[in-house]
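S.K.: One structure follows; several queries about it will come next.
The values are calculated or read from the model by the stated rules, or taken from the named source; none is laboratory data. Everything numeric in this text was worked out from a predicted model, so none of it was measured. Here Cβ is always computed from backbone atoms with ideal geometry, including for glycine, and neighbour counts include all displayed protein chains. Heads up: the accessible areas ignore ligands, DNA and RNA and are worked out on the full protein's heavy atoms, side chains in. Shrake-Rupley method; radii C 1.70, N 1.55, O 1.52, S 1.80 Å.
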Amino acid sequence: MGLSNFFKGQEPSLTDIHDQQSRRPSATEAMALETRRKSVDDAVVTGASQITTRQSIIPVALVTLLFFLWGFAYGLLDVLNSRFQVALHITQGESSGLQGAYFGAYFIGPLTYSGWFVRKFGYRYTFILGLSIYCVGCLMFWPSAVKRSFGGFCGSMFIVGSGLSTLETSANPYIAVCGPPKWSEFRLELSQSFQAVGSVVAPVLASYVIFKNVGTDGRDLSSVQWVYLGIAIFVGLLAVVFYFAPLPEITDADMADQAEMTEGATGYVDKPLRKQYTLFWGVAAQFCYVGAQVGIAGYFINYFTQARPDLDVTKAHQQGSNFYAIAQALFAIGRFSAAGLMYFTKPRWILLAYQTMIMVFIIAAITVNTGGSTNANWGGLAMLMLVLFFESCIFPTIFTLSLRGLGRHTKRGASFIVASVSGGAVVPAILGNVADKIGTRKAMVVPLAFFIIAWSFPIYLNLFKGKELDAYRDSHVGTQESASDVDGAVEKDLEHSRVENKLFAA
């Protein structure tokens, strides 16, 4: 079940898929399978690739709940980072161990057990597995708080990260593929907006509830125990809900079928996974972007503390949590705004525009210091908060655009993209250690460097992949039941494409 099996996993062959296309089940038949609650063979064309927007509303809404969950967990992570520096007397560099544990799990899970699990047992049972692991991780916070063990907290966070990475391995691609392909980016952007809402709620609760009474020295951690116990109970109940939930399974065979229906008229050719260059560029861009985003979020409160030399450390951390909540609110607003824009214009244009603005404002956050050494640096803080606004749409848009045209490699490709979230374990560690030496504001050159690498991806997409991506944007598959972009006039072209696929695979 290691990397060798991951690369040699059971993906449907093109021959098997083509043999089933003469009797392709309807989307209605695919929806009827949801009540069986059984895993579906990944090589079977179920007809789910043609699910309409109306049919996808309930399953997409249920899975969107999961996005709120890990937004909440992520929001708490950033606050815990700064609080543990005070409560456990650790440095900024040492506190990055929380991010290292949380995001390190993202590298291991998708490339081993969770990537294999979603292909073997389907989306429903992967949701349940992820929620169960998440529940165990939350329960482990209780003994860690009792023992005041930072190592214990890191171990607990690793288990939480393992559960959430398993959920992301299934939830992100599920939202992307559950419904008409032309609205894929819009669906994931909208669902991820609720993840951003969770990230707003978490620091507000942390400031006014969780860390409201931490003692005069700020060292009391008992509230952490109760918060994570409550999360564990809720997550356990949610796992039961997902067992009975109406979730149609969407197989890799369905995605290959959809790719041919969408791009058959434009010369779609199936490629081996090793030649999916857009996917691997997207993985590299996602690794760099997530690392930079997590670094900024994890050290936002430290940036605030150094930007407010007029406040004592405890008060600065409390106010920093409030301002971080405002920044996360801007992040959420940015996601909703990007989702709205994607309804009217091309996602690849939005990705390029937002990533360009990120670099403009992160450079400003590094160079602007309106307060000097004694007064508040409100200018730098404003620039950093605007960075979070434009970060909003990057992750889901890179995710969906990287999956375009993968066909039968969709689940495996999604596992790679989720694994790239492990960039969040690398960049904060670098940033934290640099910040200990030169200060947090100047250390923001670290995420800037990674943003520049990520910026190359939308440039590449707009220059070289526009026609292929726009084929999905203009697709009619799933907009009405049994719709297909491949009609009788282009059936010969599709047959020619299938012949090329066989020769290519050989």
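S.K.: Using modelled backbone amide H atoms (1.01 Å from N, in-plane), which distant-in-sequence or interchain residues come within less than 5 Å of Val477's amide H?
M.R.: Long-range HN contacts for Val477: Asp485.
S.K.: For region 252-481, with all protein chains present and a 1.4 Å probe, just round the carbon and sulfur fraction of the accessible area to a whole percent. It would help to have the intermediate numbers written out before the result.
M.R.: Working: 4990 of 7590 Å².
In region 252-481, the share of accessible area belonging to carbon and sulfur is 66 percent.
S.K.: Using a 1.4 angstrom probe with every protein chain in place, what is the largest-first accessible-area order of Thr112, Thr367, Thr166? Spell out each step's value before the answer.
M.R.: Working: Thr112 40, Thr367 95, Thr166 0 Å².
Ranked from most to least accessible, the order is Thr367, Thr112, Thr166.
S.K.: Something else now. Starting with the highest mean, order 441-454, 297-310 by the number of other Cβ atoms within 10 Å, averaged over the residues of each peptide. Write out the running numbers ahead of the final one.
M.R.: On the way: 441-454: 20.4, 297-310: 22.9.
My ranking of the peptides, most packed first, is 297-310, 441-454.
S.K.: Highest mean first, what order results for 128-140, 284-296 on Cβ atoms within 10 Å? Can you show the working numbers first?
M.R.: Working: 128-140: 22.3, 284-296: 26.1.
For the peptides 128-140, 284-296, the packing ranking is 284-296, 128-140.
S.K.: List the relative contact order of region 51-250 as a percent without decimals, with contacts defined as Cα pairs under 8 Å and 6+ residues apart.
M.R.: This gives 38 percent for region 51-250.
S.K.: Using a 1.4 Å probe and ignoring any ligands, DNA or RNA, find the accessible area of Trp281 and quote it in Å² to the nearest 10.
M.R.: Probe radius 1.4 Å; accessible area of Trp281 about 100 Å².
S.K.: For region 276-292, what does the Karplus curve 6.51 cos²θ - 1.76 cosθ + 1.60, with θ = phi - 60°, yield as ³J(HN,Hα) per residue in whole Hz, taken in order and with x for Gly and Pro?
M.R.: Each residue of region 276-292 in turn: 8, 5, 5, 4, 5, 5, x, 4, 4, 5, 5, 4, 5, 5, 4, x, 5 Hz.
S.K.: Which far-off residues, 5 or more places away or on another chain, put their amide H under 5 Å from the one on Thr370, with H placed in the peptide plane?
M.R.: When sequence neighbours closer than 5 places are left aside, the close amide H contacts are Trp378, Gly379, Gly380.
S.K.: Which ³J(HN,Hα) values in Hz, rounded to whole numbers, follow from the phi angles of region 138-147 under the Karplus curve 6.51 cos²θ - 1.76 cosθ + 1.60, where θ = phi - 60° and Gly and Pro get x?
M.R.: 5, 5, 6, 5, 4, x, 5, 6, 4, 7
S.K.: Okay, moving on. Ignoring ligands, DNA and RNA, how do His317, His476 rank by accessible area with a 1.4 Å probe, largest first?
M.R.: Working: His317 10, His476 110 Å².
Ranked list, largest accessible area first: His476, His317.
S.K.: Compute and list, largest first, the equivalent-ellipsoid semi-axes of region 283-426 from the alpha carbon gyration tensor, each √(5λ) rounded to a whole angstrom.
M.R.: Values: eigenvalues 211, 53, 29 Å².
Value: 32, 16, 12 Å, ordered largest first.
S.K.: So what does Glu168 come to for accessible area, using a 1.4 Å probe and Å² rounded to 10?
M.R.: Looks like 10 Å² after rounding.
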